[in-house]
Amino acid sequence: MVAVCRGRGKRSDLAVRAPTPLAWSLMSIARVGIVGSGIMGSGIAETAATAGFEVVLRSRSQTTADATLAALEKSLDRQVDKGKRTPEERDQALGRVTGTSDLGALKGVDLVIESVVEDLAVKKELFNELDRITDDHAILATNTSTLPVIELAMQTGRPDRVCGIHFFNPAPVMSLVELVRPLTVSDETLAAARDFAETCGKSPVEVKDQAGFIVNALLFPYLNNAVRLYEQGVASLDDIDTAMKGGCGFPMGPFALLDLVGLDTSLAILDALYAEFRDPNYAAVPLLRRMVVAEQLGRKSGQGFFDYHARK
Ligand code: CAA
């Protein structure tokens with residue numbers, strides 16, 4: 001059966017594939033494709049592989065894919081050293097992950113999690129391609145933290161099988177996953193995404209497709225205001241971080257957290273929140289924008305609010 005989607009989104013001429021039979025369930029999800037091997041993509045790959053899923057990790061180049069696999073091995077080695085995993089568990093997890101630069105290698109996966117740069121045009125093009133490459137039954141999910149999931153769903157002929165599965169940084173450690181429900185998604189898809197997250201050992205929450213979802217809508221005004229406080233000379237970086245850890249029990253202060261998330265990602269999140277709500281709390285503080293231009297992106301570039309060169 002092929003239905004035709006009329007009058008919704010730019011690709012309203014697309015043939016919408018019929019929803020898969022109700023009997024289909026996540027129990028049939030065995031292979032997961034991850035697109036993007038940045039902090040989040042590699043963390044999600046580690047999470048899924050250690051939970052028992054076969055993982056195809058697609059990077060833009062084979063060199064990056066190889067480097068990501070090497071970093072994954074190091075991370076698992078550390079867990080063996082700490083006695084958190086046996087050497088056999090490490091080897092099994094590593095054996096489940098393939099690194100590739102070929103998007104075509106995602107044919108045959110049951111679930112794709114897109115985790116590329118927070119740029120709507122890039123993601124739309126990718127969903128378009130993923131829709132062509134992957135099997136009809138596959139769920140296409142995005143790890144976006146702020147962009148409209150519906151825009152990605154409408155790039156495909158399967159908007160009922162597109163949702164958000166949003167992990168937190170560092171993905172192997174943080175227990176939360178936000179399941180994002182665009183207007184078009186089916187209950188079966190959301191249930192399958194929930195099963196996947198739970199099998200990964202996470203505690204999922206469900207949220208409407210609205211910029212920032214739950215966590216970032218609340219977290220980023222706080223982070224932005226911390227930069228404002230520092231810019232105004234109210235206190236030093238160290239003292240603001242110490243205050244929020246000691247005074248509120250947060251595991252990291254706002255500047256250590258901004259450096260962990262990445263200043264470029266943080267700016268993209270604030271810009272997307274501001275674009276949707278026009279709330280001044282979401283208007284990025286000038287210093288943050290200037291630091292991104294200066295390529296002071298946090299841990300990933302070695303310099304952010306703090307200097308990481310000596311710690312590498
Ligand atoms: N990968 C795998 N494991 C990691 C890790 C990583 N990247 N980073 C830390 N860990 C593990 C460590 O191995 C350690 O495990 P054990 O205790 O079993 O040995 C554990 O996490 C704790 O790590 P550390 O002892 O080194 O350091 P810590 O106690 O300071 O914890 C932290 C580090 C887990 C990052 C903690 O500081 C924390 O929870 N910070 C807050 C992080 C946060 O708020 N994240 C959300 C960001 S917002 C976001 O992600 C949304 C978005 O869209 C941008």
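The values are calculated or read from the model by the stated rules, or taken from the named source; none is laboratory data. Note that the coordinates shown come from a computational prediction; the quantities given were computed from them, not determined experimentally. All Cβ positions, glycine included, derive from the backbone under ideal geometry; neighbour counts span all protein chains shown.
Table for the structure above
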read-out	value
Per-region count, the stretch 147-177, residues within 16 Å of the ligand (Cβ to nearest atom) and farther than 20 Å from residue 119 by Cβ	9
Candidate set from the stretch 142-184 (those that are basic (Lys, Arg) and under 22 Å from residue 129 (Cβ atoms)); member that is nearest to the chain's Cα centre (by Cα)	161
Subset of the stretch 190-219 (residues that are among the small types (Gly, Ala, Ser), surrounded by fewer than 15 Cβ atoms within 10 Å (Cβ to Cβ) and farther than 27 Å from residue 256 by Cα)	191
Single residue of 187, 241 found to be crowded, with 16+ Cβ neighbours inside 10 Å and either more than 20 Å from the chain's Cα centre (by Cα) or away from the ligand (no atom under 16 Å from the Cβ) (or both)	241
Filtered residues of the stretch 56-82 (kept if in contact with a strand residue (DSSP E or B) (Cβ under 8 Å, 6 or more places away or on another chain) and either surrounded by fewer than 18 Cβ atoms within 10 Å (Cβ to Cβ) or farther than 19 Å from residue 114 by Cα (or both))	62, 66
Strands (runs of 3 or more DSSP E) lying entirely in the stretch 44-127 (those with 2 or more residues that are within 15 Å of the ligand (Cβ to nearest atom) and at pLDDT 95 or above)	111-114
Count of the stretch 244-262 residues which are surrounded by fewer than 13 Cβ atoms within 10 Å (Cβ to Cβ) and away from the ligand (no atom under 11 Å from the Cβ)	4
In the stretch 190-213, the residues that are within 16 Å of the ligand (Cβ to nearest atom) and among the β-branched types (Val, Ile, Thr)	205, 207
